[in-house]
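For reference, the structure discussed in these notes is given below.
Bear in mind these aren't lab numbers, they're just calculated from the coordinates by the rules spelled out. The structure displayed is predicted, hence computed values, not measured ones. Cβ coordinates were reconstructed from backbone atoms using ideal geometry, including for glycine residues, and neighbour counts include every protein chain displayed.
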Amino acid sequence: MLEQLQAIEEEALAALEAASDEEALKAWSSRYIGKKGAVTQVLRGMGGLPAEERPRMGKAANEAKVRLEAAYEQRAEQVEAEALARDLAAGAVDISLPGRTRKRGGLHPSTRTLRRFYEIWGDMGFQVYRSRDVELDDINFTALNIPPHHPARDMQDTFYTTDEGVILRTHTSPGQIHAMRELGADGTQPIRVILPGMCYRYEQITARSEVQFHQVEGLVVGRNIRMSDLKGTITEFAKRMFNPSAQVRFRASYFPFTEPSMEIDVECFLCAGKGCNVCKYTGWLEIAGCGMVNPVVLRNGGYDPSEWSGFAFGMGPERITMLKHGITDIRYFWGNDLRFLEQF
Ligand code: DAH
């Protein structure tokens, strides 16, 4: 039986030399070392041997199998290398041809700014609260201390739907009411959230105004929230968003839902406050509106304003993106022009 094994091995090695392509190699493998191959047959036939001969025979057969497998691997590599060399010689593979570069997708500039906002506000302990795009007139205006016929409604031209009292939100501020009612648990729990989302205004589209744009609202409600908390928080945000030495100033303003109200300017980061055409030579850029939550609004959110206070702010990520990248026309944002989008 040993001789038989030896003969098989010799025959197999000779046949392997002759196998010169992938198909022949496959056939060789199943013929000699496969499950039904010759070496396996020898192992199977061992049943008929006297018990004392079986170990020696088994060992020899296994060793032969290992040798044949190694020879196969080597031959397979050789065959592959020969095939490649033939292709190269025939010019089928042009290794001097430059690779095809893949076009990589990119995030929309607004998405990038929003994600930076989430990162910064998240680090400062703010949760993201998502509010609805389709809103009730009552929540978008009345609950925010803008009653029907109030002149402040003219500040935000509205898209109405065919359903009475249902509109597209003109700002993210109505989310304040939802957040207070949902998270405030009947005016018993403090809140620290940002509310990002798309807003809609029925306006003439120009380089400076679009019918849709993002806002990121912020809302903090607690038992002892003061103006100094508002100023400190906004200043910290500006330093992280723009630069660590950014100067911030607060200007008195008016919003119906905050009292007192302010507008927030950061030192122009394009000219470091020296004055340029982006900041219109003032050295300052307006980035947000803010204020202490009006007691009327707190009450509409379920809080007792004699015990609870809060601050709110609203910023426009597109505007901030425009300032940061020197984008001069807001219409690029939703124009889907790849020449614009591919720059980010
Ligand atoms: N909702 C305002 C707007 O659309 C922005 C704003 C101003 C939001 C002051 C606020 C705030 O929360 O306190 O113009």
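For the chain, CYS199, CYS290 stand unpaired, since no other cysteine beta carbon lies under 4.7 Å from theirs. Selection among ALA19, VAL42, SER29 by position relative to the dipole of the stretch 2-90 gives VAL42 as farthest towards the positive end (Cβ unit charges, Cα centre). Taking a sphere under 15 Å around the Cβ of PRO147 and counting the other residues whose Cβ falls inside, with K and R at +1 and D and E at -1, yields a net charge of -1. Given in Å, the Rg to one decimal and the Dmax to the nearest whole number for the Cα atoms of the stretch 6-111 are 23.2, 82.
Is there a quick way to get the dipole size of the stretch 109-341? I mean about its Cα centre, with the Cβ of Lys and Arg at +1 and of Asp and Glu at -1; what is the value in debye to the nearest 20? Don't skip to the answer; put the middle values down first.
On the way: 25 positive and 27 negative charges, 191 e Å.
Roughly 920 debye for the stretch 109-341.
Compared with the direct C-alpha span, the chain from GLN4 to GLU259 gains 81.6 nm at full extension, assuming 0.36 nm per residue.
Hey, fewest Cβ within 10 Å first, where do SER29, SER131, SER173 land in order?
Numbers: SER29 17, SER131 21, SER173 29.
Least to most surrounded, the residues fall as SER29, SER131, SER173.
Measuring between alpha carbons in the structure, the pairs from LYS26/LYS59; LYS239/LYS324; LYS231/LYS274; LYS35/LYS59 lying more than 22 angstrom apart are LYS26/LYS59; LYS231/LYS274. Counting only Cβ charges, +1 for Lys and Arg and -1 for Asp and Glu, the dipole size of the stretch 203-344 around its Cα centre is about 400 debye.
Each residue of the stretch 72-78 was assigned a 3J(HN,Hα) from its phi angle through the Karplus curve 6.51 cos²θ - 1.76 cosθ + 1.60 (θ = phi - 60°); the sequence is 4, 4, 4, 5, 4, 4, 4 Hz, with glycine and proline shown as x.
Note on TYR202 and GLN41: the extension gain reaches 49.5 nm, defined as 0.36 nm multiplied by sequence separation minus the Cα-Cα distance. Sequentially through the stretch 4-19, phi angles give Karplus couplings (6.51, -1.76, 1.60; θ = phi - 60°) of 4, 4, 4, 4, 4, 4, 4, 4, 4, 4, 5, 5, 5, 4, 7, 6 Hz, Gly and Pro residues having no value and appearing as x. Counting Lys and Arg as +1 and Asp and Glu as -1 over every other residue whose Cβ lies under 14 Å from the Cβ of LEU5, the net charge comes to 0.
Near the amide H of ARG201, within less than 5 Å, lie the amide hydrogens of GLN212, all on another chain or at least 5 residues away, with H placed in the peptide plane. For a paramagnetic label modelled at 7 Å from the Cα of PHE344 toward its Cβ, which residues of the stretch 100-138 fall within the zone defined by backbone nitrogen distances under 20 Å? Only 103-122 fall inside the zone, counting backbone N under 20 Å. In this rough spin-label picture, where each label sits 7 Å from Cα along the Cβ direction, the GLU77-TYR281 distance is 7.6 nm. The 3J(HN,Hα) values that the Karplus relation (6.51, -1.76, 1.60; θ = phi - 60°) gives for the stretch 107-116 are, in residue order, 7, 4, x, 5, 4, 4, 5, 4, 5, 5 Hz. Gly and Pro appear as x. Starting from the Cα of ALA24, move 7 Å in the Cα-to-Cβ direction to define the label point; list residues of the stretch 79-99 whose amide nitrogen is under 15 Å from there. Zone members listed by number: 79-84, 86. Around the amide H of ILE287, modelled in the peptide plane, lie the amide H atoms of ILE264, ASP265, VAL266, all under 5 Å away and 5 or more residues distant in sequence or on another chain. Each of LYS35, LYS324, LYS59 was scored by other Cβ atoms within 10 Å of its Cβ. Arranged with the fewest first, they read LYS35, LYS59, LYS324. Take each peptide in 295-302, 39-46, count the other Cβ atoms within 10 Å of every residue, and average; sorted highest first, the result is 295-302, 39-46. Residues whose amide H falls under 5 Å from that of VAL166, counting only those 5 or more places apart or on a different chain, are ASP137, THR161, with hydrogens built in the peptide plane. Extension gain, ALA185 to ARG223, is 12.2 nm, computed as 0.36 nm per intervening residue step minus the present C-alpha separation.
Seen from ILE287, the other residues with C-beta closer than 10 Å to its C-beta sum to a net charge of -2, counting Lys and Arg as +1 and Asp and Glu as -1.
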